[in-house]
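In what follows, a single structure is set out as C-alpha cells and then discussed.
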Amino acid sequence: MSGYNWYVVQSKPGQAARACAELENQGYDLFFPQITVEKIKRGKRVEVVEPLFPGYLFIWLSEVESNWRPIRSTRGVARLITFGNTPAVVPHEVIEALRQKLRTDQEPEQRLKPNQTVAITEGPFKGLDAVFVEYDGEQRAFLLLELLGRWQKVSVELGVIR
C-alpha cells in the first residue's frame, strides 16, 4: 500500500470518540490512542480511559486513492491538520512506536492490596517494613509502621515503597 500515510484529524471539543466511530463507519482506517489512568472520584480510586492526545486522532490515507471529501463533513470532525494547504504527515514509525508503547503499558501492573507487606526504599523510614492500608490520593499510600512498640499510620509517596 505505497502512497499511504498517517494524517492528523482534529475533532470538535469532546467529540474525538464520535469522530473516530463515524470515520470507521465510512471505512477509514484510524488510530485513536487511549490510555487508562487512575483518578480520584468521590474519594474513590477509579480507572478511566482517556485519549492520549485529547481532540486528535490519526487516519491512514492515500493522496491518490482515498476519498478525502467526506472527512471534513463527518460528525465530530473539526478539520485535518495542515501546514499551509498540505495535510500534515505523521511518520509511520511514530505511529508504530506509539502502538508498541501502548501495548507494553497495558500489561498488568503490580497493584498493592490491603494488609500487603511492603518495604520502604527511601526517606526517613528507609529499610523498614510496613503494611499497606489504602491509597491516599493518586501518588501516595497509607502504611502502618511499628514505631516504638506501637503501630503508626503514615502517608508516603508510592514511589518509595516496593
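List of remarks:
- Any hit, the range 129-146, residues being in a loop (DSSP other than H, G, I, E, B), under 29 Å from PHE31 (Cα atoms) and open to solvent by 40 Å² or more (accessible area, probe 1.4 Å): yes
- Of everything in the range 113-128 that is free of Cβ contacts under 8 Å to residues at least 40 places away in the same chain and touching a helix residue (DSSP H, G or I) at 6+ places or on another chain (Cβ under 9 Å), the residue that is surrounded by the most Cβ atoms within 10 Å (Cβ to Cβ) is PHE125.
- Look at the range 62-84: where a residue is more than 11 Å from LYS12 (Cα to Cα) and touching a residue at least 12 places away in the same chain (Cβ under 8 Å) and a partner is hydroxyl-bearing (Ser, Thr, Tyr) and open to solvent by 40 Å² or more (accessible area, probe 1.4 Å), sitting 6+ places away or on another chain with Cβ atoms under 6 Å, you get SER62/TYR4.
- Close contacts from the range 145-161, counting a first residue that is of a type in the set (Gly, Ala, Ser) and a second that is open to solvent by 70 Å² or more (accessible area, probe 1.4 Å), with Cβ to Cβ under 9 Å and a gap of 6+ residues or different chains, come to SER155/ARG140; GLY159/GLU122; GLY159/GLN139.
- Contact map, the range 2-15: residues that are touching a residue at least 24 places away in the same chain (Cβ under 8 Å) and β-branched (Val, Ile, Thr) paired with residues that are open to solvent by less than 50 Å² (accessible area, probe 1.4 Å) and in a loop (DSSP other than H, G, I, E, B), Cβ distance under 9 Å, separation 6+ or inter-chain. Pairs shown: VAL8/ILE81; VAL8/ALA88; VAL9/THR74; VAL9/ILE81.
- Remark: pairs (first residue in the range 31-51, under 27 Å from ASN5 (Cβ atoms) and touching a residue at least 24 places away in the same chain (Cβ under 8 Å); second residue in a strand (DSSP E or B) and of a type in the set (S, T, N, Q); Cβ separation under 6 Å; 6+ apart in sequence or on different chains) = PRO51/GLN34.
- Test result for GLU134, closer than 16 Å to GLU38 by Cβ and without any contact (Cβ under 8 Å) to a residue 24 or more places away in the chain: yes
- Annotation note: Cβ proximity below 9 Å between a residue of the range 85-99 that is over 17 Å from LEU52 (Cβ atoms) and a residue that is open to solvent by less than 70 Å² (accessible area, probe 1.4 Å) and part of a helix (DSSP H, G or I) (sequence gap 6+ or interchain) occurs for no pair.
The values are calculated or read from the model by the stated rules, or taken from the named source; none is laboratory data. None of these values were measured; they are calculated from a predicted model. FYI the Cβ positions are ideal-geometry reconstructions off the backbone, even for glycines, and counts take in every protein chain you see. These accessible areas exclude ligands, DNA and RNA; they are computed on the full protein's heavy atoms, side chains included. Shrake-Rupley method; radii C 1.70, N 1.55, O 1.52, S 1.80 Å.
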